[in-house]
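S.K.: Input: one structure, supplied below.
Just so it is clear, none of the values below were taken in a lab; they were calculated from the coordinates. None of the values given here were measured: they were computed from a predicted structure. Reconstructed Cβ throughout: ideal geometry from the backbone, glycine too, with neighbour counts over all protein chains shown.
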Amino acid sequence: MQGKFAVYERFSLVVAYRFVRPPRRKTSGQLLFRESTMAQGISITSAHTRAIAAADTAAVPWYVWTSALAVTSTVVGLYWDISWHMSIGRDTFWTPAHLGIHFGAIVAGISSTLLILATTFGKEAAAKRATSVRVWGFYGPLGAFVSLWGGMTMLTSAPFDDWWHNAFGLDVQIMSPPHVVLALGIFVLGLGGLFLVVAEMNRANAELREKLNRIFLYVGCMLLMLILMLIYEYTDYTLAHSGIYYRVLATAMPLLLVGIARASGYRWAATKVAAAYFVLWLLALWLVPFVPAQAKLGPVYTPISHLVPLSFPVLLFAGAAALDFLLDKTAGRNRWLQALVAGIGFVVAMIVVEWPMSSFLISKMAENPIFGTDYYPYMERPSDYIESHRFFVYEATRGAFWMNMAWAFVAAILTTRIGLSWGDWMRKVKR
């Protein structure tokens, strides 16, 4: 109440000085009073304006959310599609799994197109061009052009894949020619999402950067899962005593993990991304078998009553933790020295955890819904079940094994070094 009376009193004094007494007879004290009153009003208005501006800058842009949605839909669709092939077979092109994959491409394509058109022809186009790149006369964020290209490539692969199956039947492996085109588009779409988020993150204030950083790590996790699904044939636990297993992981993983961690700036960022992948993949292993399914293509050697999930996730968080720890300990040193130490540490950590874990997974103790080694696709004969419970020797000779192991260390060093440069580049992206 006292505050209200003070306002009323101040208002009455202002009115009295303004209209009762002539302006020429105002004293210096009265002038100071009016100036202070006006200054308070201006400060309140300025504070209100700053609050509105802060609220606006703290909002995550809509195209960041659509990028996260696009890559999520693609990841779910791709996992579902692999499971669909193992459980039901490719009964039609219009499966829900295919629709999930291409929905991600459509979302990315539409949102990127709208963003580019708004930046080129919109009301605030001139202001937005300062944080945009130019491609063929159009303006927009770099990530928008990359995502658009990836989505178009994915949609281009769809009729190619349909023709391939109609002409040649089922795929005998994941990486058929149409799937290679699809994989390229998926990877580029995920990269575009990363670039969109990191550009916003590098321009944002502290509050908004914190929000965008979490989205950035999430999109990085989705991209990590996409790559792991594309190399799935070489990362099955039955191959974990072969050199090719570690060579493929060392070629694909350090670059992405180090690049994301470097651009994020979070401590243990690579470990967090790998741990999130492990949890999500494990949830899929546990939940997917609850979805009813029945094989629709023959011959059916294993009766199916539910979707068959992908195998137990790779313990990638161990290698990611080694990267985080060793890069932190060698911070400020020569980049090649950092890559040498961290790359070797990644491969050693993966061998230490995967070698004994795979021995457990091929044992009878892992034949339960927790570890999921007793799920078999419909086309697998019961006489072949034993293949899931013994190691597959990829290399024909011991020399070939050691050669692949040597290449694993070399690949880890090189990809870690590239990841350091890529991460530093992403920290500078603002367009």
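S.K.: If the chain between Ile418 and Arg214 were fully stretched, how many nm would it gain, using 0.36 nm times the residue separation less the Cα-Cα distance?
M.R.: Extra length available between Ile418 and Arg214 comes to 71.1 nm.
S.K.: On to the next question. How much length is gained on full extension from Val133 to Phe187, taking 0.36 nm per residue of separation minus their Cα-Cα distance?
M.R.: On the way: separation 54, 0.36 × 54 = 19.44 nm, distance 2.11 nm.
Extending this stretch completely gives an extra 17.3 nm.
S.K.: Where the Cα atoms of the stretch 232-431 are projected onto their three principal axes, how long is each span, largest first, in whole Å?
M.R.: If we take the Cα atoms of the stretch 232-431, the spans are 58, 43, 29 Å.
S.K.: Further question: Which net charge results when you count Lys and Arg as +1 and Asp and Glu as -1 among the other residues whose beta-carbon is under 15 Å from that of Ala366?
M.R.: Details: positive: Lys364, Arg390; negative: Asp236, Glu354, Glu367, Asp374, Glu387.
Around Ala366, the surrounding residues sum to -3.
S.K.: OK, next. I'd like the FRET efficiency for Met403 and Trp65, computed as 1/(1 + (r/R0)^6) with the beta carbon distance as r and R0 of 41 Å, rounded to 0.05.
M.R.: According to the calculation, E is roughly 0.35.
S.K.: What pairs in Lys123/Lys430; Lys128/Lys428; Lys123/Lys428; Lys272/Lys430; Lys272/Lys364; Lys123/Lys211 have C-alpha atoms more than 23 Å from each other?
M.R.: Exceeds cut-off: Lys123/Lys428; Lys272/Lys430; Lys272/Lys364; Lys123/Lys211.
S.K.: State, to one decimal in nm, how far the label point of Ala206 lies from the label point of Trp163, with both points 7 Å from Cα in the Cβ direction.
M.R.: 5.7 nm
S.K.: Quick check on packing: order 209-216, 184-191, 116-123, 272-279 by the mean number of other C-beta atoms within 10 Å, highest mean leading.
M.R.: Values: 209-216: 18.9, 184-191: 23.1, 116-123: 15.1, 272-279: 20.6.
So the peptides 209-216, 184-191, 116-123, 272-279, ranked by packing, come out 184-191, 272-279, 209-216, 116-123.
S.K.: Within the stretch 232-272, name every residue whose backbone N is under 15 Å away from a label modeled 7 Å from Cα of Val410 along the Cβ vector.
M.R.: The answer is 244, 247-248, 250-251.
S.K.: May I pose another question? List the equivalent ellipsoid semi-axes of the stretch 363-407 in whole Å, largest first, each obtained as the square root of 5λ for an eigenvalue λ of the Cα gyration tensor.
M.R.: Sorted largest first and rounded, they come to 28, 14, 9 Å.
S.K.: Quick check on packing: order 391-398, 144-151 by the mean number of other C-beta atoms within 10 Å, highest mean leading. Please report the intermediate quantities before stating the final value.
M.R.: Numbers: 391-398: 12.8, 144-151: 25.6.
Per-residue Cβ counts within 10 Å, averaged per peptide and sorted highest first, yield 144-151, 391-398.
S.K.: Let me ask something additional. Give the residues of the stretch 307-325 whose amide nitrogen is closer than 11 Å to a point set 7 Å from the Cα of Glu380 in the direction of its Cβ.
M.R.: It comes to 308-312, nothing else.
S.K.: Which length gain, in nm to one decimal place, applies between Leu280 and Ile106 when the Cα-Cα distance is subtracted from 0.36 nm times their residue separation?
M.R.: Using 0.36 nm per residue and subtracting the Cα-Cα distance, I get 60.2 nm.
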